[in-house]
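Okay, so here's the structure we're looking at.
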Amino acid sequence: MTAPSRSRFKGQKVLITGASQGIGEATALYFAQEGARVALNGRKEDKLIAVRDKLPKVPEGEHVIATGDISKESDIEALFAKAIGELGGLDVLVCNAGYQIPSPSEDIKLADFEGVLAVNVNGVMLSCRAALRHWLKDNHHGRIVVNSSVHQLIPKPSYLGYSASKGAVGNIVRTLALEYASRGIRVNAVAPGAIVTPINDSWVKDPEQYKAVASHIPMKRPGNSEEIAASIAFLAADESNYITGQTLYVDGGLTLYGDFEKNWSS
Ligand code: NAD
């Protein structure tokens, strides 16, 4: 799925964290196809350059590489300064970077738990703070879209840090949305279900496991990165101008309690 042939983001400046692969890469491509100039964040410059080479060019200038670890305050400051400086401003922040570490909860290592929160929660907070500081200086009506997860709602046994982090993200979005609604800044989230990306290689590359995952989804298939990118773009576009503080579940019906599809209790 490519972005529809329109230019909703022509002339706009978009920073995407975790843009070196998966949903972040697809989102960068989607925004660039709709005319945006994007800044790509990730930790490895060579991977970001490879993504930039795939993006359509825009007349406003080259897409920007903003390398840095979003869990580190000093990296955030440097990468936002680079992105905003080279783009000449910022209109949309997509907080996409995130990761998970599996472990039975009785064995979970504090360092692993804190590591996941450092990226998925602190990284979102630090990124949002940097964008807000920039926008408040000149009353800019910026938009933030955070990539959460269905695990904002559905428990994820053996992934306690991830589960806790995505629950926190839901309230970060609602709190920031309320705090800045009167200044014209919108803050929303998408919550993907099971999406085919490298984070899910363990089941994506195993036909039996892939079938098992698909069978749990009411629409009977996992989603793809472009379907999430399209929803992120919607929440950043003027079409959603009156939406703030919401989480849009993009999950093929995963949060609809598939076991209740056929009545079994009366
Ligand atoms: P992915 O592993 O393919 O990509 C994650 C990206 O984040 C990579 O580019 C990685 O380098 C980057 N990243 C990780 N830690 C970082 C850090 N400290 N600083 C900067 N960049 C960092 O994963 P994905 O599936 O594309 O996931 C993207 C987002 O979508 C995550 O927040 C994830 O929780 C969420 N999500 C994914 C799925 C899914 O099924 N794939 C489902 C729900 C939510």
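The values are calculated or read from the model by the stated rules, or taken from the named source; none is laboratory data. Owing to the predicted nature of the structure, the values given are computational and were not obtained by experimental measurement. Note: ideal-geometry Cβ built from the backbone for every residue, glycine included; neighbour counts use all protein chains shown. Heads up: the accessible areas ignore ligands, DNA and RNA and are worked out on the full protein's heavy atoms, side chains in. Shrake-Rupley method; radii C 1.70, N 1.55, O 1.52, S 1.80 Å.
Using only Cα atoms and rounding to the nearest 10 degrees, what angle (0 to 90) does helix 123-137 make with the longest principal axis of the chain? Between helix and principal axis, roughly 30 degrees.
Put simply, the amide H of V146, placed in the peptide plane, has neighbours under 5 Å in C95, N188, A189, V190, leaving out anything fewer than 5 places away on its chain. Take every Cα pair under 8 Å whose residues are at least 6 apart in sequence, average their separation, divide by the length of the stretch 138-200, and the relative contact order is 48 percent.
Expressed as a whole percent, how much of the Cα-Cα distance distribution for the chain exceeds 35 Å? It works out to 13 percent of all Cα pairs.
Both numbers refer to the Cα atoms of the stretch 172-266; Rg and Dmax are 16.6, 50 Å. With K and R counted +1 and D and E -1, the other residues having a Cβ less than 12 Å from that of L79 yield a net charge of -3.
With the whole protein complex present, Y99 retains an accessible surface near 80 Å², based on a 1.4 Å probe.
What the stretch 13-249 shows is 45 Å² of accessible area per residue, with the surface traced by a 1.4 Å probe over protein heavy atoms. Angle of helix 45-54 to the longest C-alpha principal axis of the chain, folded into 0 to 90 degrees and rounded to 10: 80°. With the biggest extent put first, the Cα atoms of the stretch 1-51 measure 31, 22, 14 Å across the principal axes. Over the residues of the chain, the helix contribution to mean residue ellipticity at 222 nm works out to -12500 deg cm²/dmol, using -39500 (n - 2.57) for each DSSP H run of at least 4.
Could you tell me the relative contact order of the stretch 13-249? Use alpha-carbon pairs under 8 Å, at least six residues apart, and round to a whole percent. Relative CO of the stretch 13-249 lands at 20 percent.
If the chain linking S74 and K211 were pulled fully straight, counting 0.36 nm for each residue of separation and taking away their Cα-Cα distance, it would gain 45.0 nm.
Return one number: the angle in degrees, 0 to 90 and rounded to the nearest 10, between the long axis of the Cα atoms of helix 160-180 and the longest principal axis of the Cα atoms of the chain. On a 0 to 90 degree scale, this one is about 40.
Using the reciprocal of the averaged 1/r over all distinct C-alpha pairs, how large is the Kirkwood radius of the stretch 91-233 in Å? Mind showing how you got there, number by number?
Details: mean 1/r = 0.0612 Å⁻¹.
Mean inverse Cα-Cα distance, inverted, gives 16.3 Å.
Once neighbouring chains are kept in place and the probe is 1.4 Å, which whole percent of the accessible area of the chain is contributed by carbon and sulfur?
54
Determine the percent antiparallel among the DSSP beta bridges restricted to the stretch 13-249, to the nearest 5.
Numbers: 1 of 26 bridges.
If we restrict to bridges inside the stretch 13-249, about 5 percent are antiparallel.
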